[in-house]
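Please read the structure below before turning to the comments.
The values are calculated or read from the model by the stated rules, or taken from the named source; none is laboratory data. This one's a predicted model, so the numbers in the text were calculated from it and none came from an experiment. FYI the Cβ positions are ideal-geometry reconstructions off the backbone, even for glycines, and counts take in every protein chain you see. When the accessible area is computed, the model is the full protein with side chains, heavy atoms only, and any ligands, DNA or RNA have been set aside. Shrake-Rupley method; radii C 1.70, N 1.55, O 1.52, S 1.80 Å.
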Amino acid sequence: MQVVTGLTSITQGSGMGCSLFAKLAYHNSGTLKELSIRPVTEADWLVILYNDKETPAVFDSLTSLVLKFTDPSRTSTWTAIKDVEPFPVLSTLKVNGGYPFNDDLLFRGNGAMMQHLRLPFCAIAINALGRFGVLKRGSVTRMNSIRIGVATNIDKAHLARRADKLIEYQVHCMLEVALALHLSNDATDKPVYGAVKAAPSTAILQNLEFGSLLFSTAGMTSIISRLPSLVSFTCKIGGLGASIKSILASDRLSTLRAKHYPLSSNFRKLCVPYTANVLADQIAGAAMLIAVLCPNFVHVDISPKLRDEFSREIAWASCNRSFQPYAESLRRLIYMDPDH
């Protein structure tokens, strides 16, 4: 199999050794369009690129590269490689489980092509994007999506020993080039959330997903106000937040409306992941406040198990005196179809 050529796709399954797949990838570098491989050691990686030759391989048809690592400590670092651009047309890059690279080799020469990027949290914890200016190159102007994996205890401990703003810089770069940003969780002091909350004015982000972080209504409105292009937001919901609670209930809507309307003209959709302790009335309460502030907010994506109770909360509130001036904005949230 090592000498088979002309392949367009190679996938190394779990439990299979990497060395033979690495050699197979090298011999098919001119035709491969998709490669999913699990390098165990630096030697495996060097076989993919060089296979004991002096001239490196150039994967000039490869548009999708998936790298899976199994180092639970996430501490191994491979020697940097200079003056090599092996993936010039890469548009999808997914790295899972670790990030042993000490260079920007994966990103060289493909800035204008890259559209989908997935990295483990440890990659931004070690400043892999900021250190090499990966997202600040002139060729990187717009990406469809960036996804950052779960922050482990090792990542959190690593960040706790550093006092710089490396996370903020990298997140701000993402907000300036990505249309969608998916964040699984955050480190202990929430540096990612803080970075998003301080979004640059040049942010173009349209879709934001915080997988496990709990947001108050005040926290959500803060994010929406900082991201004027935001269309949809996915997060867990809990409570109103101190800044909204501090306003008398009888004055709450008029005060928030006078201070923030229109919070965003682009925001349209709120998505709430289903968990066992999620409450329909909390979701409805948050959604109604956002509807009062965002003129084009039309849809809440929630579990079907909560839809009836959520709709009843909305219908009842629309008859309440304080909500009556905004009844039409509330009623459109009842429908499951945002185009209803």
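Considering the conditions (1) touching a residue at least 40 places away in the same chain (Cβ under 8 Å); (2) on the phi > 0 side of the Ramachandran plot, Gly133 is excluded by exactly one of them, (1). Cβ-Cβ distances below 6 Å connect the following pairs, each with a first residue in segment 181-202 that is under 25 Å from Gln115 (Cβ atoms), a second residue that is among the polar types (S, T, N, Q), and a separation of six or more residues or different chains: Asn185/Ser212.
Answer yes if at least one residue in segment 269-283 is open to solvent by 40 Å² or more (accessible area, probe 1.4 Å), of a type in the set (S, T, N, Q) and at pLDDT 95 or above, and no otherwise. Among the residues of segment 269-283, not one is open to solvent by 40 Å² or more (accessible area, probe 1.4 Å), of a type in the set (S, T, N, Q) and at pLDDT 95 or above, which makes the answer no. Here Thr70 clears all of (1) part of a loop (DSSP other than H, G, I, E, B); (2) over 23 Å from Gly149 (Cβ atoms) except the condition numbered (2). Among the residues of segment 79-98, the one identified as at pLDDT below 95 and buried (at least 20 other Cβ atoms within 10 Å of the Cβ) is Gly98.
Only one of the numbered conditions (1) assigned to a helix (DSSP H, G or I); (2) among the aliphatic types (A, V, I, L, M); (3) in contact with a Ser or Thr (Cβ under 6 Å, 6 or more places away or on another chain); (4) touching a residue at least 40 places away in the same chain (Cβ under 8 Å) is violated by Met288, and that is (3). Report whether or not Ser212 is closer than 15 Å to Cys271 by Cβ and modelled with pLDDT of 95 or more. Judged against the criteria, Ser212 is not a match.
For segment 102-117, taking the residues that are under 20 Å from the mean Cα position of the chain (by Cα) and small (Gly, Ala, Ser), the one that is most open to solvent (accessible area, probe 1.4 Å) is identified as Ala112. If you filter segment 28-75 down to residues that are of a type in the set (A, V, I, L, M, F, W, C) and at pLDDT below 95, you find that the one that is surrounded by the most Cβ atoms within 10 Å (Cβ to Cβ) is Phe69.
For segment 215-254, a residue qualifies if it is farther than 22 Å from Ser265 by Cα and of a type in the set (S, T, N, Q), and the qualifying residues are Ser243, Ser246, Ser250.
Residue-by-condition table, conditions (1) modelled with pLDDT of 85 or more; (2) open to solvent by 20 Å² or more (accessible area, probe 1.4 Å); (3) out of contact with any Gly (no Cβ under 7 Å at 6 or more places or on another chain):
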position: Cys294; (1), (2), (3): yes, no, yes
position: Asp301; (1), (2), (3): yes, yes, yes
position: Pro304; (1), (2), (3): yes, yes, yes
position: Arg312; (1), (2), (3): yes, yes, yes
position: Ala317; (1), (2), (3): yes, no, yes
position: Arg321; (1), (2), (3): no, yes, yes
position: Ile334; (1), (2), (3): yes, yes, yes
position: Asp339; (1), (2), (3): no, yes, yes
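Taking segment 122-133 as the range and being under 15 Å from Ile148 (Cα atoms) and in a helix (DSSP H, G or I) as the test, the residues that pass are Cys122, Ala123, Ile124, Ala125, Ala128, Leu129, Gly130.
Checking each residue in segment 256-268 for being open to solvent by less than 60 Å² (accessible area, probe 1.4 Å) and hydroxyl-bearing (Ser, Thr, Tyr) picks out only Ser264.
Note on segment 189-248: enclosed helices (runs of 4 or more DSSP H) holding 2 or more residues that are touching a strand residue (DSSP E or B) at 6+ places or on another chain (Cβ under 7 Å) are 191-197, 217-226.
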